[in-house]
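Take a look at the structure set out below.
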Amino acid sequence: MKLNERIDSEFFGSACRYRLARLPINTQNILKSSFIKFLTKIISYIDSYFDQNNVFYRTISYFGQENVEALTWNQVVECVEMIHIKDLDEDRLFDEFTNLKSTLRTLLDQPIPLFDQVKAFITKQNNLVTTDAGDEEKENEDEDDDTHLTESKIVRSDQLWMLLLSLTPSPNFKKLLCFLFSLPCSNAYVESVFSQMKHLVNDKRNCMTTELVSAELKIRLNATLQCADMYKYILSNQDILKAIRSDEKYTFKKKNVQ
């Protein structure tokens, strides 16, 4: 939309406009034409990826915060038929859907704004997690996020669904939401995985099995403990220490040469 507006308005930035004004008219027209072609190519490239998934993006957008109140059962069914989640009980899913909608209406009828209700719930959840000095940096980041949310007064859809599911247990609907919110919005997370793998697999660590690499990646990417806390946890867990000392993680066995 913004790129199309730039083309229609022939606006390519204020600095560019000042520089174009100093050039002959013919040169200006040639450069503007090249800029328009460049932006048109970008739009075509974006559309080539977006158009083929347009229906999918539209379907999962139903579960965004601004659409939660207006979410219909037909939209839920459309999403279910598209992603094919295994062992999803559609009959119970409908009952859970109606119960969640009823819970949402109850929250909206409260004298306390929905934003404040969600914020109080998330704050309570964060306080349930035991923290220490090692978590200070993470706490500061959370405070920054809370400050930003307070200023914008926007209810995050994932946090709203967390509140609804905590008030109305809905295993089937939770399974659907977990799948939807696990979809990455970009390839940044995947790129971070490859970055971690550079440190895992190298010339000095070339005997690890695929399963071992996978396990270490999962710890690196999902563990919330700081390095010092992880070290203490491992030393206090005898089962982990026993597994570390064993050679089961290797595909080969060391043999004595006669």
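Here, each number is a calculation from the coordinates, and none is a lab measurement. All of these numbers come straight from a predicted model, not from anything done at the bench. Methodologically, a virtual Cβ is constructed for each residue, glycine included, from the backbone with ideal geometry; neighbour enumeration extends over all protein chains shown.
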Task: Taking 167, 108, 180 and counting other C-beta atoms within 10 Å, the order from fewest to most - done: 108, 167, 180
- [ ] Work out the charge dipole of the stretch 30-108 with +1 on the Cβ of Lys and Arg and -1 on the Cβ of Asp and Glu about the Cα centre, then indicate which of 84, 100, 31 is farthest towards its positive end.
- [x] 31
TODO: Could you list, in their original order, any pairs among 101/175; 86/174; 198/218; 204/242; 119/218; 2/32 whose Cα atoms are separated by more than 19 Å?
DONE: 204/242; 119/218
- [ ] Treating only the Cβ atoms of Lys and Arg (+1) and Asp and Glu (-1) as charged, compute the dipole magnitude of the stretch 188-245 about its Cα centre; round to the nearest 20 debye.
- [x] 160 debye
Task: Förster radius 41 Å - calculated FRET efficiency between residue 166 and residue 28 (Cβ-Cβ, nearest 0.05) - done: 0.10
Open item on the list: If R₀ is 30 angstrom, what is the calculated FRET efficiency for the pair residue 90 and residue 192, using the beta carbon separation as r and rounding to 0.05?
Closed with: 0.25
Task: Of the GluC sites (Glu not before Pro) in the stretch 165-255, those whose Cβ has at most 12 other Cβ within 10 Å and which sit in DSSP loop - done: 248
Open item on the list: Can you find, among 192, 224, 202, the residue sitting farthest towards the positive end of the charge dipole of the stretch 188-245, where Lys and Arg contribute +1 and Asp and Glu -1 at Cβ?
Closed with: 202
- [ ] Note the per residue figure in Å³ for the convex hull of the C-alpha positions in the stretch 188-245.
- [x] 103 Å³
- [ ] Treating only the Cβ atoms of Lys and Arg (+1) and Asp and Glu (-1) as charged, compute the dipole magnitude of the stretch 13-122 about its Cα centre; round to the nearest 20 debye.
- [x] 1440 debye
